[in-house]
Every structure is written in structure tokens, then in C-alpha cells.
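Right, one structure below, let's go through it.
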Amino acid sequence: MLEARGLCYRHDPRLPLIEDISLKIAPGEILGLSGPSGCGKSTLARLLAGYPRPLAGQVLLDDAPAARGGPSPIQYLSQSPIQTMNPRWRIGRIIAEGAPPDPALAAKLGVEPGWTTRFPHELSGGQLMRVALLRAVAISPRFLIADEISAPLDAVAQAELWHVLLGLARETGIGILAISHDEALLSRIATRRIGFADRMAAIS
Amino acid sequence: MTHLLEIRNLSLRFPCGGMPLEDVTLTARPGELMAIVGASGAGKSLLARAVLHLLPANARMGGEIRLNGIPLSPATAAGMRGRALALVPQSVTFLDPLATVGQQIRWAARRAGLPRSFPVDQALARVGLPPEVARLYPGAISAGMARRVLLAAALAGDPGVVLADEPTDGLDPDNLRLVLRRLRALADAGRTVVVITHDLVTALPYADRVAVMREGRILAEERAAAFSGDGSALLSDWSRRLWNALPQNAFDTAGRSTHA
């Protein structure tokens, strides 16, 4: 179980962005999160993955604070994957950063062997998203925080990617927080949904 | 003036490789809104920039672009930008952070040869922005407002051909409809409108035709109305696969695509 308890965060001291937000994601669950631009979705996602520390509240993995150091069991997938990659590393090294990936999984995600010798700027946004996803699932994480991951993909690639993730959730019990503006997509993939109408501070 | 835009066998190469265009042929007609849809990296923005000859100096371009039958060269395109031919750029970083919104719309109007008395407030009103926005700097407005300022600036000179690159990205549903309705109204008034988008579903109600782009090529040109039901009226297999893969349709992958 991944649990956020009373999270608070603000980028601007005068403007609370996330105020006392609590939520739980169970193994195998796909929680759909939607809300308007700027309401704090990505900030909440990064808090869950342990990037910034919350100003108050905590993130618990199986009732204990998530351990730091080493590949995190809570993997964050950014909506701009190129910003999460070392531009001087080739794709092969990037994918294997946490653990060597399973070739069968690479094939399922549509990551082609020929990409491994290329650099991030030589792949398209959609290709980089598949690379980032393979890197994240290679370490067998418990939870995936998927921040608009299919936005740069066409509909066919989006459906393929989500079918793979839904399969992983079913078979390995990965829990997923799926953040998207696409209502139709969330109603298709999510087992449970939460939505924010305004800044997360305003509705708590 | 009929505003007919023809792209013939357009190809693009960069010395370092890059993401080229290959043999793109398209005709955008007056009174029509054509949507060019494709995933990120398909070459959509590059195509728009190629039409306006706004490419890096090391780009090698082949083929031809004609406006009303006249081939566009870098020099003629430069003279037409903002007048006969306007681009609504994708990135809001195209706004100058050091000039007010009103100033930038006045610049656009001046470039299009309009008098100094150009009514900035009316240009803002047509994209749903209040006149006070004219006094603000780009840093003080939201991304959605900035996108509409770019649209207002591009439309200042009443161009015959408008290419809008992802004009709805980051807009909330109300503003998204406002922008697309504005572009549709331009087409209905006899202008040629090309909307570049990754979001087929959003553009569909406003489009007459849809060009499906992938990896630098136009894979299909479809009537917008053919994207309905089970997609059996669509001409190409890829269009049908795209349509059926949408979450609001079958969410079906029907075979493999190995590219993003």
C-alpha cells in the first residue's frame, strides 16, 4: 500500500499549492487523477515519488516511510522524459541505470534494440517515453507514478502502452497513479478515480 | 485573392540526420479547415516552419510550396509572413518577455502594413481576452492566455492562410472551444486554415479534412466526417487503427506498431 498522509507543499510561500492531501493506492490498483493545469497534479506526483520532501505530512510505503537510496520502489515517470535523462549517456546505459531490462519486456513496450547506441536527443518524445517506462519497470517497482505519460504518443501507441501497463498491474501487482487530462483514457484504464477542480489547497 | 496553399513533394534533410520530412504533398483550400494530426516527432511543426521558410540554415529542402500558384522562395515567404501567410507558433516562448502584450500585437500589425491606430483591444476581444491584458508583460499571464495572444498577433494582419501549431495545447475546455471556433470562423469567412495538433478528437468537430502524419510522411488524407462509427468510411488502414485505438472507441491496438 502506498499512502500519502496530510501532504502539504508550496512553491511560492504565499500560495499553498497542496494542502493536507491524503490518498492511498493499493497494489494492482490504477488510480486515475485529473484536474486543470496548475492545480498541483505533477507536484503531488513528485511528492509521492519522494523528489521534494513535503513541508508537512508523509509518504508511507506499507506503513513505513519509503527508504531512500538505491532505485526507488516508487518510480516517477515525468511528462517530459528527456529531462530525466543524462544527455551524454546513450539509451542503452540510460535504460540499464537501475537494473538490466528484460528483453521480452523491452519488445512489449516497443523499445527497439537499435536505439541503445543513440543519444536521447536522437529519439522522438514518444520513443523517449517508452525508454523511460522500460527503465522504471526494469527495477520491478511496487508503484508507478505516471504523469501524462501517453500525451506525446499517437492513439495506437497509447493503447499499446496502457495494455502493457494494465497487464503488469494484473500480473505483478504494480499499483499505478495515472495522471491525465484525457477523461476518456482515465475512464478506460482507472480502477478508481479522483479529480481536483482547483488548486489542491482549495478543495481539501 | 484565393489563398490556395499547395505543398508538392516536400522533403527535408538535416546534415546530422534529425527528423526529416519525406515527400509531403498536401493542398489546403480556401474556406476549409484542415487538421494535420500526428504524434510528437511526426514532423508536423517542421512542416509548418518549412511552409513559411522558417527553417535553420542547414536544412536541405526539396519540392515546392505554392501560394495561389506562385512558388514560395525564402524571400517571397518573408514578405508574405503576417500578411498572406501567418503562423501561430506552438511555443509561448515566441512572445518577447520584455514587451507588453499590446506592444507585441501592434508590432505584428505594423509588420502586416497596418496603421498605428490598429485596435489592439478588438484583436484581444476576438480571442476572448479583456483589454487590460494589453498592458501586461508575458510573464504575468498564464500559458493559456499567452497562446491566445500569439493567435491575436498572427491574425492581426488578416492573413489569407493561417497555420496554427498546436493552438489548443494547455487550454482549458472553454478556451479550447473559443480558439477552435475562432479558427473555424476564419475558414467560414473564406480563409485557408491549417490546424496542427496531436489531438484528433478535439480538432475533429471543427475540421473539414484531416491529414494523418507519421514519421515525416502524410499517411492519409481523410474527410473529417469519416472518423465516425467503426471507421469503415476511412480510406487508410492507419487512420482506422488510430480511430479504433482511441479510449472512447475500442481502445484496440489491432496489431503492432513499433514506432512512437
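The values are calculated or read from the model by the stated rules, or taken from the named source; none is laboratory data. Worth saying up front: this structure is predicted, and the values here are computed from it rather than measured. Please note: Cβ atoms are built from the backbone with ideal geometry, for glycine as well, and neighbour counts cover all protein chains shown.
Can you find a residue that is more than 11 Å from chain B (Cβ to nearest Cβ) and assigned to a loop (DSSP other than H, G, I, E, B) anywhere in segment A:124-135? No, every residue in segment A:124-135 fails to be more than 11 Å from chain B (Cβ to nearest Cβ) and assigned to a loop (DSSP other than H, G, I, E, B). When the residues of segment A:120-164 are filtered to those that are surrounded by 24 or more Cβ atoms within 10 Å (Cβ to Cβ) and of a type in the set (Lys, Arg), the one that is nearest to B:GLY43 (Cα to Cα) is A:ARG130.
Taking segment B:1-116 and the helices (runs of 4 or more DSSP H) fully enclosed by it, the elements with 2 or more residues that are within 14 Å of chain A (Cβ to nearest Cβ) and either within 23 Å of B:ALA189 (Cβ to Cβ) or in contact with a strand residue (DSSP E or B) (Cβ under 6 Å, 6 or more places away or on another chain) (or both) are at B:44-51.
Using the structure shown, decide if A:ARG90 is basic (Lys, Arg) and either closer than 30 Å to A:GLY40 by Cα or within 14 Å of chain B (Cβ to nearest Cβ) (or both). Write out each step before concluding.
Working: basic (Lys, Arg): yes; either closer than 30 Å to A:GLY40 by Cα or within 14 Å of chain B (Cβ to nearest Cβ) (or both): no.
No; evaluated as a whole, the condition is false for this residue.
For beta carbons closer than 8 Å, sequence separation of 6+ or different chains, a first residue in segment A:82-93 that is part of a loop (DSSP other than H, G, I, E, B) and a second that is surrounded by 13 or more Cβ atoms within 10 Å (Cβ to Cβ) and of a type in the set (Ser, Thr, Tyr), the qualifying pairs are A:ARG90/A:THR116. Each residue in segment B:207-251 was checked for being out of contact with any strand residue (DSSP E or B) (no Cβ under 6 Å at 6 or more places or on another chain) and either in a helix (DSSP H, G or I) or not assigned by TED's automatic domain parsing to the domain that holds B:ILE7 (or both), and 9 pass.
The single condition among (1) more than 14 Å from chain A (Cβ to nearest Cβ); (2) more than 30 Å from B:THR2 (Cβ to Cβ) that B:ALA152 does not meet is (2). The single condition among (1) within 14 Å of another protein chain (Cβ to nearest Cβ); (2) within 22 Å of A:ILE74 (Cβ to Cβ) that A:PRO100 does not satisfy is (1). For segment A:2-48, the set of residues classified as over 20 Å from A:SER187 (Cα atoms) and touching a Gly at 6+ places or on another chain (Cβ under 8 Å) consists of A:LEU2, A:ALA4, A:ARG5, A:GLY6, A:LEU7, A:CYS8, A:TYR9, A:LEU17, A:ILE18, A:ASP20, A:ILE21, A:SER22, listed by residue number.
Pairs are defined by a Cβ separation below 8 Å, a sequence spacing of at least 6 or placement on different chains, a first member in segment A:52-78 that is touching a residue at least 12 places away in the same chain (Cβ under 8 Å), and a second member that is of a type in the set (S, T, N, Q) and surrounded by 14 or more Cβ atoms within 10 Å (Cβ to Cβ); the pairs so defined are A:PRO52/A:THR43; A:ALA66/A:SER72; A:SER78/A:THR84.
I want to confirm something. Restricting to segment A:94-119 and keeping residues that are within 14 Å of A:ILE82 (Cα to Cα) and in contact (Cβ under 8 Å) with a residue 40 or more places away in the chain, which single residue is surrounded by the fewest Cβ atoms within 10 Å (Cβ to Cβ)? Give the derivation first.
Let us first name the residues in segment A:94-119 that are within 14 Å of A:ILE82 (Cα to Cα), namely A:94-95, A:118-119.
Then drop every residue that is not in contact (Cβ under 8 Å) with a residue 40 or more places away in the chain, which leaves A:94-95.
Details: A:ILE94: 22, A:ILE95: 25.
So, considering only residues that are within 14 Å of A:ILE82 (Cα to Cα) and in contact (Cβ under 8 Å) with a residue 40 or more places away in the chain, the one surrounded by the fewest Cβ atoms within 10 Å (Cβ to Cβ) is A:ILE94.
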